[in-house]
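Engineer: One structure coming up, written as structure tokens, with questions to follow.
Quick note: the coordinates plus some simple rules give every number you see, no bench work behind them. What you see is a predicted model, and the numbers here were worked out from it, not measured in a lab. Reconstructed Cβ throughout: ideal geometry from the backbone, glycine too, with neighbour counts over all protein chains shown.
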Amino acid sequence: MEATPYPKIRWTGLQKFIFRFLAVYFALLIIPSVLGLFWSVFPGDYWFKLIQWTGKHILHIPYDITIKPNGSGDTTYNYVEVFLNFVLSILFALIWSIVDRHRNDYHRLYYWLRVMVRYYLFYTMLQYGFFKVIQLQFPFPSNGRLMQGIGEMSPMGLAWTFMGYSKGYNFFAGFLEVLGGFLLCFRRTATLGALIVFGVMSNVVAMNFCFDIPVKLYSIHLVALALYVLWPDVIRLIDFLILNEPVYARRFIAVFSSAGLNMARIIFKIVFIGGLMVFSFIQSKQYQKQFGEKAPKPALYGMYEVETFVHNGDTLPPLRTDTSRWHKLIISYKDRAAVRMVNDSVRGFEFKVDEKQQSIRMSPQRDTLQKFQLTYEQPSKEQLILRGQSKRDTLLIKMRTIDRNSFLLVNRGFHWINEFPFNR
């Protein structure tokens, strides 16, 4: 086994209990999300029902938990799950302490728990890192975002716009995550990898809290896992970096006593790490083609400004008090569109385009009873004309395209030399 940096002395009762608690808690965190064993332990909806019961009868939450995990990692479900995992970890640690009370230490199990944590962080950092490297997690601001006033953005939307603007900054952040995760795979570089992951994820935690991004719980767990990997070397790092004291060198010995097993371990490790990195990168590139900048653009993709709006034969002027007259049409994603009215209110629409028939079926996302049946034509690349009706009302809408390059955020670019600050 690995030679530990400290003598193999008898552990105290507190040390053993803390280890048992962390072993159970990390297992409950890691095994379900990565190895897919969760539902074999809690089949069907039993786990969800247990969380609902805990929230209602133990925590006395004044509402029913109906929302399961989704794009938000900070749902009521998630908070109750953390509480439940904590209680279960305490319970199992107590039972473990009674059953295994005569054991002196857990050096060997501690080593393998660190291995599990290291490789879990490695996999997680690959996912997040490659998504940033190819600018999938934080895409360049969409048409709708470019048309949105900064005061209308949510804190999370502002953070996504900041991160998404720069492809270079995305690559830098993603590369550090991939690098930190990769270094965790090897005992000699695990401390450096944990330092990098701890620093990177601490910044992520700060962003999640300061910009109200709903991944607070998960990012805190990742920081805690990085700190767990780092913990055996904390004293050495303090001595070297802060106290300017000499530190002992860590010794590493073969994991197995058999030379054949050690060779098999090395081969498996090379294949596993290389295969997982290739798989994660290919998967990220596939997602980029489906959802990222290389994804096919929807029909009529772009931004349009309304020049003429005719309703039931009457041409409506762009009065700021009018809540029904269109001002701009924004199409960024398939089957969706947004309309900004002249009073600056924004309405989202289901937007189905039939290119063969040159027809459009529209319905407000919050009012499916109102439907628009429209046809369209494009006399030129700069023009779009819609004709049709909504219920008994007829519409004729003439629009001109808005060039994305006309936005300062798009056309400013990078400059080595700035004689004066360009802060607008």
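Engineer: Quick one: compute the contact order of segment 302-406, relative version, from alpha carbon pairs under 8 angstrom and 6+ residues apart, as a percent.
Structural biologist: On the way: 239 pairs, mean separation 27.7, N = 105.
Averaging sequence separation for qualifying contacts and normalising by length gives 26 percent for segment 302-406.
Engineer: Sorted from largest down, give the three principal axis spans of the alpha carbons of segment 214-373, whole angstrom values.
Structural biologist: Computed over segment 214-373, the largest-to-smallest principal extents equal 88, 43, 26 Å.
Engineer: Something else: When Lys and Arg each count +1 and Asp and Glu each count -1, what net charge do the other residues less than 15 Å away from A224, Cβ to Cβ, add up to?
Structural biologist: Here the charged neighbours net out to +3.
Engineer: In addition: Mean separation of Cα pairs under 8 Å and 6+ residues apart, divided by the residue count of the chain: what relative contact order is that in percent? Present the calculation step by step, with values, prior to reporting the outcome.
Structural biologist: On the way: 556 pairs, mean separation 50.5, N = 424.
So the answer I get is 12 percent.
Engineer: Could you compute the FRET efficiency for K167 and Q290, with r as their C-beta to C-beta distance and R0 at 22 Å, rounded to 0.05?
Structural biologist: On the way: r = 19 Å, r/R0 = 0.87.
So, using R0 = 22 Å, E works out to roughly 0.70.
Engineer: Placing unit charges on C-beta atoms (Lys and Arg positive, Asp and Glu negative, everything else neutral), compute the dipole magnitude of the chain about its Cα centre in debye, rounded to 20. Don't skip to the answer; put the middle values down first.
Structural biologist: Working: 48 positive and 29 negative charges, 184 e Å.
I would put it at about 880 debye.
Engineer: Same structure, new question: Over the chain, what lengths in whole Å, largest first, do the semi-axes of the equivalent ellipsoid take, defined as the square roots of 5 times the eigenvalues of the alpha-carbon gyration tensor? Kindly include the intermediate steps, with their values, before the conclusion.
Structural biologist: Numbers: eigenvalues 574, 144, 78 Å².
One finds semi-axes of 54, 27, 20 Å for the chain.
Engineer: Can you compute the equivalent ellipsoid semi-axes for segment 180-309, i.e. the square root of 5 times each eigenvalue of the Cα gyration tensor, sorted largest first and rounded to whole Å? If you can, show how the numbers build up before the last one.
Structural biologist: Working: eigenvalues 364, 127, 23 Å².
The equivalent ellipsoid of segment 180-309 has semi-axes of 43, 25, 11 Å.
Engineer: In nanometres, what is the gap between the two model label sites at Q127 and D393, each 7 Å from Cα along Cα-to-Cβ?
Structural biologist: Rounded to a tenth, the inter-label distance reads 4.5 nm.
Engineer: Among all the aspartates and glutamates, which ones have a C-alpha under 18 Å from K391's C-alpha, if same-chain residues fewer than 8 places away are not counted?
Structural biologist: Hits, sequence-local ones excluded: D314, E350, D367.
Engineer: Looking at this model, which pairs from K167/K297; K285/K398; K334/K398 are more than 31 angstrom apart at the alpha-carbon?
Structural biologist: Over 31 Å Cα-Cα: K285/K398.
Engineer: Taking springs between alpha-carbon atoms closer than 10 angstrom, which of A190, A264, A226 fluctuates most in the Gaussian network model of the chain?
Structural biologist: A264
Engineer: Given a 10 angstrom Cα cut-off, can you work out which residue in T191, T323, T401 is the most mobile in a GNM of the chain?
Structural biologist: It is T323.
Engineer: Moving on to the next point. Which loop-located trypsin sites (Lys or Arg not before Pro) does segment 260-337 contain, where loop means any DSSP state but H, G, I, E or B and the Cβ has at most 16 other Cβ atoms within 10 Å?
Structural biologist: Values: sites: R265, K269, K285, K289, K294, R320, R325, K328, K334, R336; in loops: K294, R320, R325, K334.
Qualifying residues, ordered by number: K294, R320, K334.
Engineer: Which of P155, V346, I267 sits closest to the plus end of the dipole of the chain, meaning its Cα is farthest towards the positive end, when Lys and Arg get +1 and Asp and Glu get -1 on the C-beta?
Structural biologist: Checked the options; the winner is I267.
Engineer: For the charge dipole of the chain, defined by +1 on Lys and Arg C-beta atoms and -1 on Asp and Glu C-beta atoms about the Cα centroid, which residue among Q286, Y165, I242 has the Cα displaced farthest towards the positive pole?
Structural biologist: Value: Q286.
Engineer: Output needed: percent of Cα pairs per 5 Å distance bin for segment 103-255, bins running from 0 to the one holding the longest distance.
Structural biologist: Percent of Cα pairs in each bin: 2, 9, 15, 18, 17, 13, 10, 7, 5, 3, 2, 1, 0.
Engineer: Give me the net charge for the shell around S72: Cβ to Cβ below 12 angstrom, other residues only, Lys and Arg +1, Asp and Glu -1.
Structural biologist: Values: positive: K68, K216; negative: D74, D212.
So the environment of S72 carries a net charge of 0.
Engineer: Could you state the principal axis extents of the C-alpha atoms in segment 302-406, from the largest down, to the nearest angstrom?
Structural biologist: Principal-axis extents of segment 302-406 (Cα, largest first): 31, 30, 25 Å.
Engineer: Hey, another quick one. Could you put S332, S72 in order, starting from the residue whose Cβ has the fewest other Cβ atoms within 10 Å?
Structural biologist: Ascending number of Cβ neighbours within 10 Å: S72, S332.
Engineer: Mind checking the full-extension length gain between K297 and I267? Use 0.36 nm per residue of separation minus the Cα-Cα distance, one decimal, nm. Numbers along the way, then the final one.
Structural biologist: On the way: separation 30, 0.36 × 30 = 10.80 nm, distance 4.37 nm.
Here the segment from K297 to I267 would lengthen by 6.4 nm.
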